[in-house]
Every structure is written in C-alpha cells, then in structure tokens.
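Chemist: I have a structure here, written as structure tokens, and I will follow up with some questions on it.
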Amino acid sequence: FEAKQQGRQTQIYNPTLNEQLHRRMEIELHLRKAVEFGQLKLYYQPIVVTENARLVGMESLIRWFHPVLGTVSPGEFIPIAEETGLIVPIGRWVLEEACRQNKQWQDSGFTPIVISVNISSRQFYDPLFTESLVSLLHRTGLAPQWLELEITEGVMMDIHTALPILMDLQSLGVNLSIDDFGTGYSSLKYLKELPVGKLKIDQSFIKHIDTNAVHTAIVQSVLAMSKQIGLDVVAEGVERLEELAALRQSGCPFAQGYLFSHPVAADEAERLLSETRCKLDEQLNEILDID
Ligand code: C2E
Ligand code: MG
Ligand code: MG
Ligand code: MG
C-alpha cells in the first residue's frame, strides 16, 4: 500500500503499465514452448455462398490453450509472436497443419474446399517463405489450388517490395486474398495490378450494414469495383440475418461469420463438411429460399 501510495504521488509507479508488461513477458515466455508442447490448435470457420449457404471454404484460425494462462486469443498473442519472431515457427506449424488437414479431408472423400491461412508480415517477408511453401505442398501432397493465403493491406503497403513476392506465390498456384479489406490505406488503383483473386471486406463494414447507409455504400462500391476487375468478395463477420439479406441484395457472392458458424475444432469442421450447407435454422432457410 505504501509503495502504491508513494508511486501515485510521484507518478512513477504505474500498476497498469506494469501489469501489461508482466502479461506480455509471461505470454512471450510461454509462447516459446507452445508449439513444442502441443498447445496450439487450428480451428476452422466456414466460408459460404451467400445465395444458398453452401460451404466452399474455411478459414483456419489459430487457438492457444495454455494450462495456466487459459485460452489466449490470437488478437493478443499474434502481435507478440510477430514482434519476437516467434511467428515464424508458429506460422510454419499453422501452414503445415492446415495443408495436412485439408489433404486428409480430400483423401477421406469430402468435396474439396479451399482452406485459407492468415500470413503475418514477418512470414510474408521471410526470404525463405516461398521456398518452404513449395516443400510443404510437396510434403503434404496438397494441390496448391486448395490453399489460400490471407494477407492484410498493411503487409502489402509497400507495393514495390510486396509485388515480386506476390508474383512468386501466384506462380506456385496458391490463391491470394486481401484480408480486412478497407481498414488499411491501400490505393484502389493498385488492386488491378496485384495478383490477388479475392477481397475479404473487414467486419467493421459489415456490422449493421442493413441500417448503416455509409457501410452499404462502401460495400456496394467495393463490390462494383471488384466485379470490374474480376475479384471475388467475401463479407467477414456476418452475424445477423438482416446483414445477410442486405449483402444478398447488394450481390455479395461469399460470406463468413457467426451467423453460419463460429470457428470450430477439426472434428466439428469435418461434420460441417459432410453436410452440404451450413447449419441452417428455419429463419435462415426462409431468407435463402430453401425448402
Ligand atoms: P482475421 O483473419 O480477420 O479473422 C477473423 C476474425 O473474426 C477471427 O477472430 C474470427 O473468429 C472472427 N469472427 C468470425 N466471424 C465473426 C463474427 O460474425 N463476428 C465477430 N465479431 N467476429 C467474427 P480470431 O480467431 O480471434 O482471430 C483474430 C485475428 O488473429 C485474425 O483476424 C488474424 O488476423 C489473426 N490470426 C488468427 N489466426 C492466425 C494465424 O494462424 N496466423 C496469423 N498470422 N494470424 C492469425
Ligand atoms: Mg483472416
Ligand atoms: Mg479478416
Ligand atoms: Mg481481422
């Protein structure tokens, strides 16, 4: 109490900052062992055709279950992994796991889907990235057309550095998409020149799109532009039926969000794969014109 009291007077002791630093160090320390100790899991979230909720792909999303820290969200530990370079071994594990799982599902006879993997800046600019991807695809036996790499606008900000890497990746035959589209400062005129096939519109624009005229206008112009240059579009974070209805009305081809399914573990994802369409409750059926 005394130290705190004193601290408050001198403005030196800052429990909040201290706690933050402690948490950060704790995460970093435990993250070093997370791959080795088998604490990481990949979850999968369906990506569906807006018209009929047919499942066409899944985004892989990392989960970290620590025996003492509990579940730590990727929003918290990925930036730390990125800063410390731990993202390189973690990212390698994610890619390997996603490709292995996708190949296993294909070998079991499920209709093939594309699995997308989030790629962080450090991974993307790692000079060995493309090379390691080639050997990974070879090792797992997955055809490159079933892998998609999600890269944010921020990562591609310096177009002159990013472009040759994107071209290399494209020549491997993997799909490339821009994640969280709209949150960065990417110049629209460059989109045409980037070898990406898909935009994932950030969930902040999808939220309340049914009532927010500004969001509707933004999404509609992204859709119009994408159509013109031949890009696919996925709406991220679709939570409500009204949002889905608005997206359908605007002609958005693909959607992803809690409305269809939360990210789920591999066994549950496999169950979703064995159904033709995502969990459809009655209301959803009605809006989708499905009997
Ligand atoms: P992201 O790539 O934009 O992934 C979408 C995030 O939105 C995921 O959060 C997902 O669970 C969440 N989400 C999906 N549908 C909805 C919805 O309807 N409503 C709301 N509110 N949220 C929804 P998550 O899994 O916590 O991941 C957060 C971020 O962490 C990801 O954003 C991605 O940037 C990063 N991340 C996750 N897994 C990986 C990974 O394996 N590698 C790398 N480098 N980054 C990852
Ligand atoms: Mg993503
Ligand atoms: Mg996203
Ligand atoms: Mg995001």
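Chemist: Name the pairs whose Cβ atoms lie under 7 Å apart, with the first residue in region 59-86 and touching a residue at least 12 places away in the same chain (Cβ under 8 Å), the second of a type in the set (Lys, Arg) and open to solvent by 30 Å² or more (accessible area, probe 1.4 Å), and 6 or more positions between them or separate chains?
Modeler: As it stands, the answer is 63/41; 65/41; 80/24; 82/122; 85/122; 86/32, since those pairs meet every condition given.
Chemist: Test residue 192 against the criterion of being basic (Lys, Arg) and within 16 Å of ligand 4 (Cβ to nearest atom), and give yes or no. Talk me through it step by step, then tell me what you get.
Modeler: Values: basic (Lys, Arg): yes; within 16 Å of ligand 4 (Cβ to nearest atom): no.
Here the answer is no, as residue 192 does not meet what is asked.
Chemist: Right, next: Can you tell me which condition residue 220 does not meet? The list is (1) surrounded by 15 or more Cβ atoms within 10 Å (Cβ to Cβ); (2) closer than 22 Å to residue 120 by Cα, and all the others hold.
Modeler: With (1) surrounded by 15 or more Cβ atoms within 10 Å (Cβ to Cβ); (2) closer than 22 Å to residue 120 by Cα applied to residue 220, the lone miss is (2).
Chemist: Could you look through region 156-184, keep only residues that are among the hydroxyl-bearing types (Ser, Thr, Tyr) and within 16 Å of ligand 3 (Cβ to nearest atom), and pick out the one that is least open to solvent (accessible area, probe 1.4 Å)?
Modeler: 177
Listed here are the residues, each with its yes/no results for (1) in contact with a strand residue (DSSP E or B) (Cβ under 7 Å, 6 or more places away or on another chain); (2) within 25 Å of residue 112 (Cα to Cα); (3) modelled with pLDDT under 95; (4) of a type in the set (S, T, N, Q).
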site: 198; (1), (2), (3), (4): yes, yes, no, no
site: 201; (1), (2), (3), (4): yes, yes, no, no
site: 211; (1), (2), (3), (4): no, no, no, yes
site: 218; (1), (2), (3), (4): no, no, yes, no
site: 239; (1), (2), (3), (4): no, no, no, no
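Chemist: So if I check each of 72, 56, 49, which one is open to solvent by less than 30 Å² (accessible area, probe 1.4 Å) and either within 19 Å of residue 261 (Cα to Cα) or among the polar types (S, T, N, Q) (or both)?
Modeler: The unique qualifying residue is 49.
Chemist: Here's something else I'd like to know. Please go through region 115-166 and pick out each residue that is closer than 21 Å to residue 185 by Cβ and among the acidic types (Asp, Glu).
Modeler: Across region 115-166, the qualifying residues are 150, 153, 158.
Chemist: Residues of region 101-133 being open to solvent by less than 70 Å² (accessible area, probe 1.4 Å), away from ligand 2 (no atom under 16 Å from the Cβ) and farther than 21 Å from residue 41 by Cβ, which ones?
Modeler: 109, 112, 126, 129, 130, 132, 133
Chemist: Same structure again: Looking at region 79-100 only, could you name the residues that are open to solvent by 50 Å² or more (accessible area, probe 1.4 Å) and either closer than 13 Å to residue 263 by Cβ or touching a strand residue (DSSP E or B) at 6+ places or on another chain (Cβ under 8 Å) (or both)?
Modeler: The one that is open to solvent by 50 Å² or more (accessible area, probe 1.4 Å) and either closer than 13 Å to residue 263 by Cβ or touching a strand residue (DSSP E or B) at 6+ places or on another chain (Cβ under 8 Å) (or both): 93.
Chemist: Can you pull out every residue in region 194-211 that is open to solvent by 40 Å² or more (accessible area, probe 1.4 Å) and under 13 Å from residue 247 (Cβ atoms)?
Modeler: 203, 207, 208, 210
Chemist: Evaluate region 131-143: report whether one residue or more is at pLDDT 95 or above and in contact with a Gly (Cβ under 9 Å, 6 or more places away or on another chain).
Modeler: Yes, the conditions are met somewhere in region 131-143.
The values are calculated or read from the model by the stated rules, or taken from the named source; none is laboratory data. None of the values given here were measured: they were computed from a predicted structure. Heads up, the Cβs are rebuilt from the backbone with ideal geometry, glycines too, and the neighbour counts pull from every protein chain shown. Quick note on the areas: whole protein, heavy atoms, side chains included, nothing else; ligands and nucleic acids left out. Shrake-Rupley method; radii C 1.70, N 1.55, O 1.52, S 1.80 Å.
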